[in-house]
Amino acid sequence: AADPLTTASTNEPSFQKTAELGEMWKSNPKDVKLGLAYADSLAQIGQGEQRMQVYERLVSQNPTDITLKATYGKAMLENGRTGEAIAVLEDVTASGKADWKAHSALGSAYDQDGQHPRARQSYEKALALRPGELSAMNNIGMSYSLEGDLGKAEKVLRDAMAQPGSAKLPRIRQNLALV
């Protein structure tokens, strides 16, 4: 039989598999790997709110796990809980242990909240941790666009288009055309 932990996010949604993961996780709610597999499975069957409850419990059981907290913050952002996402992602990035993706997610949260200058600061931190990251460059350009500064947006997006590998991210070209 397949390992439910490694196949939860790659198989077709299954209510039975989700129930099995839930039972396994309830017996060990501190198990991050198992909890994340259960949360992914819940998302696949359209149980977004229950997914968030699993994340909340996982974070409360593992308060020093920065990667878990970042995942939780990103999930909040996906679910439209922008203010809460900002609080969690600010905590993650303040730890000094956050990766570029956490800084970029915080930037996205700030952009959704209309805090465009703060968003660009977060994207710049992401770029400092991972120079040349095209998604961060794209996000900076779009942040300028959201703020109404189309000249700066165009310049940043053109710079991103000039980077190696930009052809692999068609959204940069699409965003440049939009701007």
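The values are calculated or read from the model by the stated rules, or taken from the named source; none is laboratory data. Because the structure is predicted, anything quoted here is derived from the model rather than measured. Note that we place each Cβ from the backbone using ideal geometry, even for glycine, and neighbour counts take in every protein chain shown. Protein only, heavy atoms only, side chains kept; ligands, DNA and RNA dropped before computing areas. Shrake-Rupley method; radii C 1.70, N 1.55, O 1.52, S 1.80 Å.
Give me the dipole magnitude in Debye, nearest 20, for the stretch 12-91 about the Cα centre, with unit charges on the beta carbon: positive for Lys and Arg, negative for Asp and Glu.
120 debye
What percent does the relative contact order of the stretch 60-179 come to when contacts are Cα pairs within less than 8 Å and at least six residues apart?
16 percent
Suppose accessible area is computed on protein heavy atoms with a 1.4 Å probe; arrange SER145, SER122 from highest to lowest.
These residues rank, largest area first, as SER145, SER122.
Just how large is the dipole of the chain about the Cα centre, in debye to the nearest 20, putting +1 at every Lys and Arg Cβ and -1 at every Asp and Glu Cβ?
That gives a dipole near 400 debye.
Given contacts defined as C-alpha pairs under 8 Å and at least six residues apart, what's the relative contact order of the stretch 50-116, whole-number percent?
27 percent
Please name which of GLY107, ALA162, GLY148 has its Cα lying farthest along the dipole of the chain towards the positive end, using unit charges on Cβ (Lys, Arg +1; Asp, Glu -1) and the Cα centre as origin.
ALA162
Arranged from highest to lowest average of other beta-carbon atoms within 10 Å per residue, in what order do the peptides 19-27, 41-49 appear?
41-49, 19-27
With a 1.4 Å probe and every protein chain kept in, tell me what percent of the accessible surface of the chain is carbon plus sulfur.
Carbon and sulfur: 50 percent of the exposed surface of the chain.
Using only Cα atoms, tell me the angle between helix 134-147 and the longest principal axis of the chain; keep it within 0 to 90° and round to the nearest 10.
Approximately 70 degrees, to the nearest 10.
Whenever you get a sec, line up LYS125, LYS69 from highest to lowest accessible area (probe 1.4 Å, protein heavy atoms).
LYS125, LYS69
Whole number in Å², please: accessible area per residue of the stretch 1-160, 1.4 Å probe, ligands, DNA and RNA not counted.
Per-residue value: 50 Å².
Given a Förster radius of 41 Å and the C-beta distance between GLU84 and ALA162 as r, what FRET efficiency does 1/(1 + (r/R0)^6) yield to the nearest 0.05?
0.65
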